[in-house]
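Before any comments, here is the structure.
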Amino acid sequence: MDLLDGVNAVSDAVVVKPDLMPTRWVVTFGSYLLALNLTLVYVLVKMWPGKLPVEDLGEVSFLWGLISVKLWVETRYLLIVAVTGALGSYVHLATSFADYLGNRQFYRSWGWWYLLRPFIGTALALIFYFGIRGGLLTANAGAKDVSPYGLAAIAGLAGLFSKQAADKLKEVFESLFKVEHPPRADKLQASNSPAEQEPQ
């Protein structure tokens, strides 16, 4: 009987129920998402070129003219890609937030994922953009020949579907740097323990 009680105690100790996010943090995350959406859309509208083809050096003003910057067309495209990558991640983020909150499964342990997701989308969209503009995925073209609509669509989709975009970049990298030699003898062996496996 004592042995059975010990086994039950161990099994109860192993199962850790995650903590739900406190109400104040739910409100904070909801406010963060609303502010993030408004900010990203505002910056995107301000960065968007007024006419095509885009002029070499254009002026962009923010906050009713309080901040004005002159941007080369390439810099403007970089910023458009960064913002639309974050906007794509925002769509994923906000949908996930609403789903998990509605199902009462919004756990505290995922807090940093919600905070960092737009930054991941921005970084991935920029890497994807560099690959496209560098000629890895399509033919090289000058800045004036590139459509901002196409760039924004690709960047937004890279942010929204970041796992698939990362897999595509991995596929391109592996085809460019294909290894024909057998793997090294000192390669780490796969582990069955989830804690020791490489993060996905």
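The values are calculated or read from the model by the stated rules, or taken from the named source; none is laboratory data. Model, not experiment: these values are computed from the prediction. Cβ placement follows ideal geometry from the backbone for every residue including glycine, while neighbour counts extend to all protein chains displayed.
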Inset, instruction - Kindly list the number of the only condition in (1) surrounded by 13 or more Cβ atoms within 10 Å (Cβ to Cβ); (2) at pLDDT below 85 that fails for G50. - result: (1)
Legend entry - Failed criterion for S68 (all others in (1) closer than 15 Å to G156 by Cβ; (2) touching a strand residue (DSSP E or B) at 6+ places or on another chain (Cβ under 7 Å); (3) among the hydroxyl-bearing types (S, T, Y) hold): (1)
Legend entry - Candidate set: region 54-98, residues that are charged (D, E, K, R) and over 21 Å from F119 (Cα atoms); chosen: the one surrounded by the most Cβ atoms within 10 Å (Cβ to Cβ): E55
Inset, instruction - Pick out the one residue from A165, A123, A158 that is crowded, with 21+ Cβ neighbours inside 10 Å, at pLDDT 85 or above and either touching a strand residue (DSSP E or B) at 6+ places or on another chain (Cβ under 7 Å) or part of a helix (DSSP H, G or I) (or both). - result: A158
Inset, instruction - Say whether the condition of being modelled with pLDDT of 90 or more and either within 20 Å of L44 (Cα to Cα) or part of a loop (DSSP other than H, G, I, E, B) (or both) is met by at least one residue in region 96-113. - result: no
Inset, instruction - Could you give me the residue pairs with C-beta distances under 8 Å whose first residue belongs to region 61-78 and is within 11 Å of K46 (Cα to Cα), whose second residue is among the basic types (K, R) wherever it lies, and which are 6+ apart or on separate chains? - result: S61/K46; F62/K46
Inset, instruction - Taking R76 as the residue in question, decide whether it is modelled with pLDDT of 85 or more, charged (D, E, K, R) and on the phi < 0 side of the Ramachandran plot. - result: yes
Legend entry - Test for I132: is it among the aliphatic types (A, V, I, L, M), without any contact (Cβ under 8 Å) to a residue 40 or more places away in the chain and in contact with a helix residue (DSSP H, G or I) (Cβ under 7 Å, 6 or more places away or on another chain): yes
